[in-house]
Amino acid sequence: MAVLEVDHLVKRYRRGPRANDGVTLRAEEGEVLGLLGHNGAGKTTLINQVVGLARPTSGTIRLAGGDPVADPASARAACALMPQSQVPLDGITPRQAVETTARIRGAPRQRARARTGDLLAALDIEEWADTAGEHLSGGVRRLTAFAMTAAEPGRLVIMDEPTNDVDPVRRRLLWAQVRALAAGGRAVLLVTHNVAEAERSADRLAVMDSGRVVAEGTPAGLRAGVAGDLRLDLLMADADAPEVAFAGAGRPHRVGRRIIVPLPADAADAALACAQRLRAAGRIEEFALTPVSLEDVYIGLVGGGSEEGHHGALAA
Amino acid sequence: MAHWLRSYALLLKWNVLGLRLMLPFFVAVQVVLSVGIVVGFSFLVPDLDRTAALYLSTGAPTVNLVLVGMVLTPNGISTKKQTGAFDHQRALPVPRLALLAADTTLWIAAAVPGVVAGLGVAVLRFDISLTIGWTAVPALLLVALTCTTLGYALAYTATPMVTALVAQMVVFFTLMFSPINFPADRLPEWFQAVHAVLPFAPMAQAVRESLAVPPGGPAVLPFAVLAAYCALGFAVSYAAMLRRP
């Protein structure tokens, strides 16, 4: 059953471009929907409309059977939001923050206390449970914000870049809790720039660009939709780019000293032969033939501007 | 109603926890300011007659409430806007009015020690006896509410930079150029006309006539003017709270 249904949503700010330009998407019960997109793609604008902090220009939103536009209070009750910015915790300990938020969201005292203890343990931050917010590291504050959101989550949980500043070990603990939320019958909307994490954690992905959803599907489905199954990655020996020509080669693009060529699986032999020839001639230093990653798909979808710029942004 | 009260109590708890470290500092500054106005102005005016003493004693709590409501409160809201606490609280499933009420309660409570200390020191310093009427608490509360709702309206509608600047102006204007600590007839006529439409003179009058009740009882008009300003501040704050761009 769909918890969130967004239909042809348009949001235009005064004197601004269309931040959302006809967004349509659904998030089902028990599913983690990853929302990918660059800065300015319209993700935060979409979230603000879902939680009733902004009003759409046109289009409809249904959240847990209610209408956030007509009744923002019911939307806020049905949905818990973990914003991208740090939640201010000065003077407040993680235990107080999580427990109080759970109670504000309607949990009785006993349940709020129990759930807080469980979450702090599951995220392995009990050590700092009673330390005031101003003495906590960015990662622990981020995990606290996650726990505040997950403590009494409602039907839809929205998380904007939940793993920023979080160490790799606790990231896994966080993802386990995200999966647990979905397993408990909630829909989870996960907003991120991090393609690799989205690929591992989300059941379905929606890619946004310039205010629109430009692709939607499972990670495997999105990968299958792209031209070429493999990519040949060449590192140039000098500034002079060699010509990369073999049967089945896609359009090459250059990223600094790297040349990337998409190709279908049956062109692998020809690609290898071409690469070895170029290396023997001293035109390239090294090469690699790898399966297309979701990151390649993502860049293909939202590309435009300089290739180098996009790669740089993703690598950063 | 139960949801409202529960939200209010939990938000108030959150605010108290969040300001726990700063609160003693705020209160100390309030007390020093309040006492400072009484003592400091008596240096400026060496031979205080009874009228001047009365204005200074009853002006101190008014200035104190103006500073809390129109300087500390808007700066507090600006900080909340900048740290993200404002949007975070707005995204919670709580009545918008409970958010407003929880903030207001904290700031007004923080002003109480300063008001009491200022009055106490004034009575001792000038050796005057006040005749405190039943309107004293309502008057102080109305002034406090008017100042905080106007302070909110400012912070909600202006950028943090503009808010800080206007708050600075308010401090200067109330201390030096408002008929709070001295009678209005000492001001030039055109300036008296300005004060006829601003809320500062009615604030001072309502508090003064409630703490030293004149024979005919306190005038009603200042209370009415303040109620109107309070309603205006509240309406703007509430609209800003509900606003969805």
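Across region B:40-54, the qualifying residues are those that are exposed (fewer than 15 other Cβ atoms within 10 Å of the Cβ) and in a helix (DSSP H, G or I), and the one among them that is nearest to the other protein chains (Cβ to nearest Cβ) is B:Gly40.
For region A:130-168, a tally of residues being assigned to a helix (DSSP H, G or I) and charged (D, E, K, R) returns 3. List every residue pair whose Cβ atoms lie under 7 Å apart, where the two residues are 6 or more positions apart in sequence or sit on different chains, the first residue falls within region B:84-95 and is more than 12 Å from A:Thr149 (Cα to Cα) and more than 7 Å from chain A (Cβ to nearest Cβ), and the second residue, located anywhere, is among the polar types (S, T, N, Q) and not in a loop (DSSP other than H, G, I, E, B). Listed by first residue and then by second, the contacts come to B:Pro95/B:Ser7. The number of residues in region A:234-279 being open to solvent by 40 Å² or more (accessible area, probe 1.4 Å) and over 27 Å from A:Ala224 (Cα atoms) comes to 9.
Exactly one residue out of B:Val45, B:Val71, B:Val63 is more than 18 Å from B:Thr105 (Cα to Cα) and touching a residue at least 60 places away in the same chain (Cβ under 8 Å), and it is B:Val63. B:Val220 meets each of the listed conditions (1) surrounded by 17 or more Cβ atoms within 10 Å (Cβ to Cβ); (2) without any contact (Cβ under 8 Å) to a residue 24 or more places away in the chain; (3) of a type in the set (Val, Ile, Thr) apart from (1). Every listed requirement among (1) in a strand (DSSP E or B); (2) among the hydrophobic types (A, V, I, L, M, F, W, C); (3) open to solvent by less than 30 Å² (accessible area, probe 1.4 Å) is met by A:Val214 save one, (3). Determine whether region B:19-35 contains at least one residue that is within 11 Å of chain A (Cβ to nearest Cβ), over 29 Å from B:Phe173 (Cα atoms) and either in a helix (DSSP H, G or I) or in contact with a strand residue (DSSP E or B) (Cβ under 7 Å, 6 or more places away or on another chain) (or both). No - not one qualifying residue is present in region B:19-35. Being open to solvent by 40 Å² or more (accessible area, probe 1.4 Å), within 21 Å of B:Ala91 (Cβ to Cβ) and more than 14 Å from every other protein chain (Cβ to nearest Cβ) is the requirement here; does A:Asp165 meet it? Here the answer is yes, as A:Asp165 does meet what is asked. A single member of B:Ala201, B:Ala206, B:Ala231, B:Ala240 is open to solvent by 50 Å² or more (accessible area, probe 1.4 Å), part of a helix (DSSP H, G or I) and of a type in the set (Gly, Ala, Ser), and it is B:Ala231. Looking only at region A:168-200, count how many residues are open to solvent by 10 Å² or more (accessible area, probe 1.4 Å) and either more than 17 Å from A:Asp296 (Cα to Cα) or modelled with pLDDT of 90 or more (or both). Number satisfying all stated conditions: 15. Screening A:Ala107 against (1) among the aliphatic types (A, V, I, L, M); (2) more than 23 Å from B:Leu23 (Cβ to Cβ); (3) modelled with pLDDT of 95 or more leaves a single unmet condition, (3). For region B:139-158, a tally of residues being at pLDDT 90 or above, β-branched (Val, Ile, Thr) and open to solvent by 10 Å² or more (accessible area, probe 1.4 Å) returns 1. Considering B:Thr105, B:Thr135, B:Thr62, B:Thr79, the condition of being more than 14 Å from chain A (Cβ to nearest Cβ) and over 25 Å from B:Val213 (Cβ atoms) is satisfied by B:Thr105 alone.
If I filter region B:174-187 for residues that are over 19 Å from the mean Cα position of the chain (by Cα), open to solvent by 30 Å² or more (accessible area, probe 1.4 Å), touching a residue at least 12 places away in the same chain (Cβ under 8 Å) and more than 14 Å from every other protein chain (Cβ to nearest Cβ), do I get at least one hit? Yes.
The residues of region A:58-82 that are within 20 Å of A:Val10 (Cα to Cα) and open to solvent by 10 Å² or more (accessible area, probe 1.4 Å), listed by number, are A:Ser58, A:Gly59, A:Thr60, A:Arg62, A:Gly66, A:Asp67, A:Val69, A:Ala70, A:Asp71, A:Pro72.
In a residue-by-residue description of region A:38-56, the property of being farther than 30 Å from B:Leu17 by Cα, surrounded by fewer than 17 Cβ atoms within 10 Å (Cβ to Cβ), in the same structural domain as A:Asn164 (by TED's automatic domain parsing) and within 18 Å of the chain's Cα centre (by Cα) applies to at least one position. With respect to the stated conditions, A:Asp130 is open to solvent by 50 Å² or more (accessible area, probe 1.4 Å), at negative phi and in contact (Cβ under 8 Å) with a residue 24 or more places away in the chain.
The values are calculated or read from the model by the stated rules, or taken from the named source; none is laboratory data. Not measured: the values here are computed from a predicted model. Here Cβ is always computed from backbone atoms with ideal geometry, including for glycine, and neighbour counts include all displayed protein chains. Calculation scope for accessible area: heavy atoms of the full protein, side chains included, ligands and nucleic acids excluded. Shrake-Rupley method; radii C 1.70, N 1.55, O 1.52, S 1.80 Å.
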